[in-house]
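Report on the following structure.
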Amino acid sequence: MAGHSVGAWIALQVLKARPSDVSQVFMLCPTLSHIADTPNGRRLQWLFRTPFPKIISYLSYLTRPVPLSLFFPWPSPQTAVLRSLLNSPASIFACLSMAHEEMITIRELDTALLDEHRPRIYLYFAEDDEWVSTHKASVVRCCEAIRVVNGEAGVPHAFCINHSAEVASQCSLWLGLLALQAQDTLR
């Protein structure tokens, strides 16, 4: 199982609830604790509280004339996804409402869970990630024996926009290791 950002936290919850169904968890730029205390959490959480999600979702109609050329360095599939999101007030409201729930829910690091499933966990951290920030040290300290990779310079939290090849390469290495381990156990 793989999860990015809050998806890594969700993957951990699945591992906790169904440990026999999950063999490995790849956590990419994981936001595992105190999301509201990260630099982005502190800067943006006011947007996620009532009445702002409703207001912002209605204002999305104003983004329709925004030229996609403002996002020039983004590949065209990503700009198409962005345009689709910006043209959907319901999607914007859902995103902002979900973000509010994440700020409330993702608090304490579940060190017992990480420790219990240490051999199954792989972590990939972006070099400079404002959704993880100072809490990265706590996660790394808790997970010393876990496979932890610090990403290449310039690979951001939102790696999927322009840096998916670098992160996919790391995941491919992990999968290769798992395949070798599986072959060894069959011998």
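Structure summary
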item: Amide proton proximity set for Ala126, modelled H, under 5 Å, gap of 5+; result: Cys29, Gly151
item: Using θ = phi - 60° and Karplus 6.51 cos²θ - 1.76 cosθ + 1.60, couplings along region 74-86 (whole Hz; Gly, Pro as x); result: 7, x, 4, x, 6, 5, 5, 5, 4, 4, 4, 5, 5
item: Residue-averaged 222 nm ellipticity for the chain, from DSSP H runs of 4+ at -39500 (n - 2.57), nearest 500; result: -15000 deg cm²/dmol
item: Charge dipole magnitude, Cβ of K and R +1, D and E -1 - region 49-148, Cα centre, debye nearest 20; result: 420 debye
item: Of Gly176, Gly151, Gly41, the one that fluctuates the most in a GNM where the chain has Cα springs shorter than 10 Å; result: Gly176
item: Backbone N under 13 Å from the Thr105 label point (7 Å along Cα→Cβ), restricted to region 11-25; result: 11-14
item: Dipole of the chain, positive direction: furthest Cα of Leu123, Val149, Ile104, with charges on the beta-carbon; result: Ile104
item: Check: the chain dipole with +1 on Lys, Arg Cβ and -1 on Asp, Glu Cβ, in debye; result: 480 debye
item: Residues in region 152-176 reached by a label modelled at Glu130 [backbone nitrogen below 18 Å; 7 Å Cα→Cβ]; result: 154-162
item: Choice from Leu82, Leu109, Leu15 with maximal GNM fluctuation in the chain (Cα, 10 Å cutoff); result: Leu82
item: At R0 = 22 Å, FRET efficiency that the Cβ-Cβ distance of Ala165 and Ala80 yields, to 0.05; result: 0.65
item: Vicinal HN-Hα couplings computed from phi for region 177-187 (Karplus, 6.51 cos²θ - 1.76 cosθ + 1.60; Hz; Gly/Pro x); result: 4, 4, 5, 4, 4, 5, 5, 4, 6, 7, 7
item: Whole-Hz couplings from phi, Karplus 6.51/-1.76/1.60, listed for region 6-20; x for Gly and Pro; result: 5, x, 5, 4, 5, 4, 5, 5, 5, 4, 5, 6, 9, x, 6
item: Interatomic Cα distance distribution for region 45-102, bins of 10 angstrom, percent; result: 24, 45, 29, 2
item: Cα-based equivalent ellipsoid, the chain: semi-axes from gyration tensor eigenvalues, Å; result: 32, 20, 15
item: Sites matching GluC sites (Glu not before Pro) across region 60-124 that sit in DSSP coil, with at most 12 neighbouring C-beta atoms within 10 Å; result: Glu108
item: Full-extension gain in nm, Ala2 to Arg141, via 0.36 nm per residue minus C-alpha separation; result: 47.9 nm
item: Residues of region 158-187 with amide N under 16 Å of the 7 Å Cα→Cβ point at Arg120; result: 178
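No lab work stands behind these numbers, since they all come straight from the coordinates. All values derive from a computational prediction rather than experimental measurement. Note that we place each Cβ from the backbone using ideal geometry, even for glycine, and neighbour counts take in every protein chain shown.
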